[in-house]
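Each remark here refers to the structure printed beneath this line.
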Amino acid sequence: MEINVNIKDDYLKWLHEISKETSTDKEDLIKASIIKYVKEYKLRKAIRKYTDGSVSLGKASEIAGIPKRLLMYKLQEIGIPLNLSESDFNKGMETITKARKLKKSS
């Protein structure tokens with residue numbers, strides 16, 4: 001797919017400068033910027049839906065496109081408490097118990 005974009009001269013100058021300093025093709029810089037923006041948007045959307053209670057932690061991690069543990073870390077990092085259900089808590093405890101048993105048997 002091809003997309004044409006008009007960019008103000010000031011931004012084009014910066015794009016050129018960044019391209020030279022990082023030895024990165026301008027097109028690659030633009031692609032990387034778009035990908036970064038989409039990932040950040042997906043994460044913000046997932047966090048918003050999780051905090052308003054419309055999705056579970058698992059569904060939020062799917063929306064964000066990241067593992068549940070990473071989402072939990074990011075939520076903790078920005079000070080959002082986890083809304084764990086009893087089921088989520090029990091699954092976590094089971095995982096810890098299994099990990100401890102594996103550690104003892106090694």
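The values are calculated or read from the model by the stated rules, or taken from the named source; none is laboratory data. Everything numeric here is computed off the predicted structure, so don't read it as measured data. So basically every Cβ, Gly included, is an ideal-geometry build from the backbone, and we count neighbours across all protein chains shown. Surface accessibility is based on the protein's heavy atoms, side chains included, excluding ligands, DNA and RNA. Shrake-Rupley method; radii C 1.70, N 1.55, O 1.52, S 1.80 Å.
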### Residue list for segment 57-71, filter: of a type in the set (Gly, Ala, Ser) and surrounded by 15 or more Cβ atoms within 10 Å (Cβ to Cβ)
Ala60, Ser61, Ala64
### Message
Where the second residue is basic (Lys, Arg) and surrounded by 11 or more Cβ atoms within 10 Å (Cβ to Cβ) and the first is free of Cβ contacts under 8 Å to residues at least 40 places away in the same chain and under 16 Å from Ala32 (Cα atoms) and lies in segment 1-19, which pairs have Cβ atoms under 8 Å and are six or more apart or on separate chains?
### Response
Leu15/Lys26; His16/Lys26; Ser19/Lys26
### Query
Given the conditions (1) open to solvent by 40 Å² or more (accessible area, probe 1.4 Å); (2) in a helix (DSSP H, G or I), and given that Ser54 satisfies all but one, which numbered condition is not satisfied?
(2)
